[in-house]
Amino acid sequence: MPQRARQLRELLSRLGPAFIKIGQALSTRPDIVPPPYLEELTQLQDRLPAFANETAFRFIREELGDDPQTIYAEISANPIAAASLGQVYKARLHSGEQVAVKVQRPDIVENIALDLYLLRGLAGWVQKTFRRVRSNLPAIVDEFAARIFEEMDYTCEGANAEQFAEYYRRQPGIYVPRIFWPYTAKRVLTMEWIDGIKLTELQQLAEMGLDTRHIIQVGVQCSLVQLLDRGFSMRIPTLAICW
């Protein structure tokens, strides 16, 4: 099973961003995905191969109007993480704030559009071939596509983060990193840097005396309020549950 899980992760990585997104979604479902697959699919969240720094810095120059070394007081020579749509550099502003700089992958729009075209065709074929499938698969793919294309505009992502922060500004234990708008554009997102621990790092959480069940409860309540009370379905860069 571990070998098959690794093969699945490698296959999704080769197929492209839309398929990687599917793998990322599955990596958050321990109720339906066996542990060996979860361990492999989790790598799709931030451990994908990075693209060239020259390309990333060119995008920063095109979007923000100057060289990264001029815009930021410091910026890491290489990305610290890479995911399906972009990669992240650690930087420091001239005003002193530590920030995370996310830069979009090249040719991402064309690749995503082709992937979704193929997925929608496959969904239609499955719908017609397997009569026991009662869900409207093409409609599900359409909704998935709308969310991905919105996510590819980092100004939308920043605006969603600020809206989310406003909704939960009085709720203890929830923190949304600040967005730095002078350093944010469609393909570049600059946000507050926060050191944290993944919920999957159980040993580190235990060493800090954190109750994982309580953290999960806060996250579930937050999601339910967001969807059922606020009706706010979106993508934000990071949600921090903190003490």
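Taking Cα centre as origin and charging only the Cβ of basic (Lys, Arg, +1) and acidic (Asp, Glu, -1) residues, the dipole magnitude of the chain rounds to 940 debye. Once the gyration tensor of the Cα atoms in the chain is diagonalised, the equivalent ellipsoid follows with semi-axes of 29, 24, 19 Å, ordered largest first.
Averaging 1/r over each pair of different alpha-carbon atoms in segment 2-44 and inverting the result gives 9.9 Å, the Kirkwood hydrodynamic radius. Among the lysines of the chain, pairs at least eight places apart or on separate chains and with Cα atoms under 24 Å apart come to 9. Here the sum of -39500 (n - 2.57) over DSSP H runs of 4 or more residues, divided by the residues of the chain, equals -15000 deg cm²/dmol at 222 nm, to the nearest 500. When the square roots of the Cα gyration tensor eigenvalues are ordered a ≥ b ≥ c, the ratio a/c for segment 29-171 is 1.5 or more and a/b exceeds b/c, which makes its shape prolate.
Taking a ≥ b ≥ c as the square roots of the eigenvalues of the alpha carbon gyration tensor, segment 134-193 is oblate, as a/c is not under 1.5 and a/b does not beat b/c. Here segment 1-47 and segment 71-140 have alpha carbon centers that stand 15 Å from each other.
Figure legend: label point modelled 7 angstrom from the Cα of Cys156 along Cα→Cβ; residues of segment 167-187 with amide N under 15 Å from it are 185-187. Helices in the chain that qualify as membrane-span-like (whole DSSP H runs, Cα extent of at least 24 Å along the helix axis, mean Kyte-Doolittle hydropathy of 0.5 or higher) are 108-129. Think of segment 78-137 as having a plus end and a minus end, set by charges on the Cβ of Lys, Arg, Asp and Glu; of Ala91, Val103, Val126, Val126 sits farthest toward the positive end of this dipole.
FYI, it's all coordinate maths here, none of it is from the lab. What you see is a predicted model; the values in this text were computed from it and never measured. Counting neighbours? That spans all protein chains shown, and the Cβs are built from the backbone with ideal geometry, glycine included.
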